[in-house]
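> Here's a structure for you.
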Amino acid sequence: MATLVSDDGAGASRQRRAQRGLTRLLIRDMRTLRRLIRPQRLEATVPEWIEAVRALVAQYGNASATAAADFYDAERVAAAVTGRFTVPLLDPPPDEKVGSGLRWATKDLWPRDSEDPATTEAQRQPMEVRLDQAEKKAEAVAQKLVTDQGRGTVQEAVRQDRMAVGYARAAALGACAFCRLLAARGMVYKQDTAGFRAHDGCNCGVIPVFRGQRFELSAHAREWDRLYREYAAPYPGEQLRRFRRAIAEHG
Ligand SMILES: [Zn+2]
């Protein structure tokens with residue numbers, strides 16, 4: 001008998017809670033590292049801070065991949081497919097990728113000549129404000145890297161597992177229009193996917209769909225799909241903008 005899978009099943013909710021829990025711990029730990037940055041010695045201390053954050057990203061990223069593999073295994077059991085499969089755990093992102101994200105997050109900390117017209121509003125703020133902003137951006141960068149390691153683990157498993165046919169995107173109720181739009185599309189066959197696109201702060205999950213399973217959109221994703229069809233689909237080139245307006249007005 002075909003089992004049912006949805007973007008809002010019990011497994012998907014547990015997986016989202018697990019990943020959010022990791023994000024909370026990651027951010028808590030990151031905040032204790034902030035004092036490593038000394039405004040008077042940015043040159044020496046920002047790279048030290050980057051090293052420390054990178055270690056956290058690797059640690060939490062591995063936990064994210066492990067949680068994702070457990071989720072995948074449980075979904076596979078629930079789908080009652082045959083044959084064994086070992087989920088390959090994704091490695092942490094390369095050092096350079098973490099480094100460049102964190103350098104981007106902290107770029108406004110560096111002193112600028114206030115007379116220089118290229119100096120932005122953000123760079124004119126007092127150091128405390130710039131530190132807060134850098135921290136917020138860095139947390140978003142790290143959250144994405146860690147969550148991506150889990151999402152990437154599910155995607156790679158779907159790609160390699162002969163019993164997996166594709167995956168769906170699970171977007172939270174409060175997700176942005178971009179994510180809701182993609183979630184409303186439902187299951188994507190693995191051969192049709194160009195990869196899962198996420199953004200900083202995105203909590204979307206990847207839900208595997210196995211042979212013999214029937215995928216069904218959750219009630220909220222069905223509603224996003226309805227809004228999309230009614231208000232956005234007929235307007236090529238401005239569908240995302242129209243959809244965003246539709247969910248603001250009718251969602
Ligand atoms: Zn998202």
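The values are calculated or read from the model by the stated rules, or taken from the named source; none is laboratory data. Everything quoted here is computed from the prediction, not taken from an experiment. A quick note on method: Cβ atoms are made from the backbone with ideal geometry, for glycine too, and the neighbour counts reach across all protein chains shown.
> For Ile247, are the conditions met, namely being touching a residue at least 60 places away in the same chain (Cβ under 8 Å), under 18 Å from Ala69 (Cβ atoms) and in contact with a Phe, Trp or Tyr (Cβ under 8 Å, 6 or more places away or on another chain)? Give the derivation first.
Details: touching a residue at least 60 places away in the same chain (Cβ under 8 Å): yes; under 18 Å from Ala69 (Cβ atoms): no; in contact with a Phe, Trp or Tyr (Cβ under 8 Å, 6 or more places away or on another chain): yes.
So Ile247 does not fit the description; no.
> Looking at (1) modelled with pLDDT under 95; (2) within 24 Å of Gly166 (Cβ to Cβ), can you tell me which one Tyr72 breaks?
Answer for Tyr72: the failing condition is (1).
> Does region 178-200 contain any residue that is modelled with pLDDT under 95, at positive phi and within 16 Å of the ligand (Cβ to nearest atom)?
The answer is yes, given that some residue of region 178-200 is modelled with pLDDT under 95, at positive phi and within 16 Å of the ligand (Cβ to nearest atom).
> Determine if region 145-165 includes at least one residue that is of a type in the set (S, T, N, Q), surrounded by 18 or more Cβ atoms within 10 Å (Cβ to Cβ) and within 25 Å of Thr32 (Cα to Cα). Write out each step before concluding.
If we filter region 145-165 for residues that are of a type in the set (S, T, N, Q), which is where we start, we get 147, 149, 153, 155, 160.
Retained after the next criterion (residues that are surrounded by 18 or more Cβ atoms within 10 Å (Cβ to Cβ)): 147, 149, 153, 155.
This time we only want the ones that are within 25 Å of Thr32 (Cα to Cα), so: 147, 149.
Yes - at least one qualifying residue is present in region 145-165.
> Among Ala164, Ala183, Ala198, Ala175, which is more than 24 Å from Asp73 (Cα to Cα), among the hydrophobic types (A, V, I, L, M, F, W, C) and touching a residue at least 12 places away in the same chain (Cβ under 8 Å)? Spell out the reasoning first.
Values: Ala164 fails: more than 24 Å from Asp73 (Cα to Cα); Ala183 fails: more than 24 Å from Asp73 (Cα to Cα); Ala198 fails: more than 24 Å from Asp73 (Cα to Cα).
Matching residue, one of Ala164, Ala183, Ala198, Ala175: Ala175.
> Do we find that Ala142 is over 27 Å from Arg54 (Cα atoms) and buried (at least 20 other Cβ atoms within 10 Å of the Cβ) in this structure?
Values: over 27 Å from Arg54 (Cα atoms): no; buried (at least 20 other Cβ atoms within 10 Å of the Cβ): yes.
Criteria not met by Ala142.
> Which one is farthest from Ala12 (Cα to Cα), of the residues in region 201-224 that are within 16 Å of the ligand (Cβ to nearest atom) and part of a helix (DSSP H, G or I)?
It comes out as Trp224.
> Can you tell me which residues in region 157-179 are in a helix (DSSP H, G or I) and of a type in the set (Phe, Trp, Tyr)? Before the answer, list the steps.
First, the residues of region 157-179 that are in a helix (DSSP H, G or I): 157-160, 177-179.
Of everything in region 157-179, just one residue is in a helix (DSSP H, G or I) and of a type in the set (Phe, Trp, Tyr), namely Phe178.
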